[in-house]
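Participant: Structure provided below as structure tokens; questions to follow.
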């Protein structure tokens, strides 16, 4: 097991979205224990692999359209594993498709956020979700 303590795991392949998310979380002092991975395979390795994170993150921010393993499969795997089934997962995606929203909730997401197009709106959405899920929400340990 790794000893790296991570509060937020960001699973995002778009470098611009990842950078803005990290900068916003940093601005609100929520990024001290943040890990960024760029695809679903790397996320699953970090969370479920032989050297899985311990303790687990307090929040996973998950994009849907990822290389290697998509966000749906990551979410399915997290909810199927007893170690990660209660870790909060916020899907943050550009998809406005009802079928994607419904599928994510069927698979067990805790929240579904459509990425705003405007810079300021995007930053505000990230700040709100970070503040709620890290500072307000309580999770089992």
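The values are calculated or read from the model by the stated rules, or taken from the named source; none is laboratory data. The structure presented is a predicted model; accordingly, all values stated were derived computationally and were not measured. Using ideal geometry, Cβ is built from the backbone for each residue, glycine included, and neighbour counts are taken over all protein chains shown.
Participant: When both residues are 6+ apart or on different chains and their Cβ atoms are under 7 Å apart, which pairs have a first residue that lies in the stretch 6-20 and is without any contact (Cβ under 8 Å) to a residue 24 or more places away in the chain, and a second that is surrounded by fewer than 24 Cβ atoms within 10 Å (Cβ to Cβ)?
Facilitator: 18/36
Participant: Take the residues in the stretch 89-108 that are in contact (Cβ under 8 Å) with a residue 24 or more places away in the chain and in a loop (DSSP other than H, G, I, E, B), then tell me which one is nearest to residue 60 (Cα to Cα).
Facilitator: The extreme case among them is 108.
Participant: Still on this structure, I have one more. For the stretch 66-85, does any single residue satisfy the condition of being without any contact (Cβ under 8 Å) to a residue 60 or more places away in the chain, under 18 Å from residue 139 (Cβ atoms) and assigned to a strand (DSSP E or B)?
Facilitator: no
Here's the yes/no breakdown for (1) buried (at least 17 other Cβ atoms within 10 Å of the Cβ); (2) farther than 17 Å from residue 16 by Cα:
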{"position": "31", "(1), (2)": "yes, no"}
{"position": "54", "(1), (2)": "no, yes"}
{"position": "95", "(1), (2)": "yes, no"}
{"position": "116", "(1), (2)": "no, no"}
{"position": "123", "(1), (2)": "yes, no"}
{"position": "133", "(1), (2)": "yes, yes"}
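Participant: Within the stretch 116-139, can you find the residues that are closer than 13 Å to residue 7 by Cβ and in contact with a helix residue (DSSP H, G or I) (Cβ under 6 Å, 6 or more places away or on another chain)?
Facilitator: The answer is 130, and nothing else.
Participant: Return yes when residue 45 is within 16 Å of the chain's Cα centre (by Cα), surrounded by fewer than 17 Cβ atoms within 10 Å (Cβ to Cβ) and without any contact (Cβ under 8 Å) to a residue 12 or more places away in the chain and no when it is not.
Facilitator: Yes, satisfied.
Participant: I've got another one for you. Check 107, 129, 101 and return the single one that is over 25 Å from residue 52 (Cα atoms) and either buried (at least 18 other Cβ atoms within 10 Å of the Cβ) or at pLDDT 95 or above (or both).
Facilitator: Among 107, 129, 101, only 101 is over 25 Å from residue 52 (Cα atoms) and either buried (at least 18 other Cβ atoms within 10 Å of the Cβ) or at pLDDT 95 or above (or both).
Participant: Another question about this same structure. Kindly provide the set of residues from the stretch 18-64 that are modelled with pLDDT of 95 or more, part of a loop (DSSP other than H, G, I, E, B) and in contact with a helix residue (DSSP H, G or I) (Cβ under 7 Å, 6 or more places away or on another chain), ordered by number.
Facilitator: Those that are modelled with pLDDT of 95 or more, part of a loop (DSSP other than H, G, I, E, B) and in contact with a helix residue (DSSP H, G or I) (Cβ under 7 Å, 6 or more places away or on another chain): 63, 64.
Participant: Checking residue 77 against (1) touching a strand residue (DSSP E or B) at 6+ places or on another chain (Cβ under 7 Å); (2) buried (at least 16 other Cβ atoms within 10 Å of the Cβ); (3) more than 21 Å from residue 132 (Cβ to Cβ): exactly one of these is not met. Which one?
Facilitator: Against the list (1) touching a strand residue (DSSP E or B) at 6+ places or on another chain (Cβ under 7 Å); (2) buried (at least 16 other Cβ atoms within 10 Å of the Cβ); (3) more than 21 Å from residue 132 (Cβ to Cβ), residue 77 comes up short only on (1).
Participant: May I ask you to list pairs of residues, at least six apart or on different chains, whose Cβ atoms are under 8 Å apart, with the first in the stretch 109-134 being over 24 Å from residue 74 (Cα atoms) and the second being surrounded by 17 or more Cβ atoms within 10 Å (Cβ to Cβ)?
Facilitator: Going by the 8 Å Cβ cut-off, the qualifying pairs are 119/20; 123/20; 123/24.
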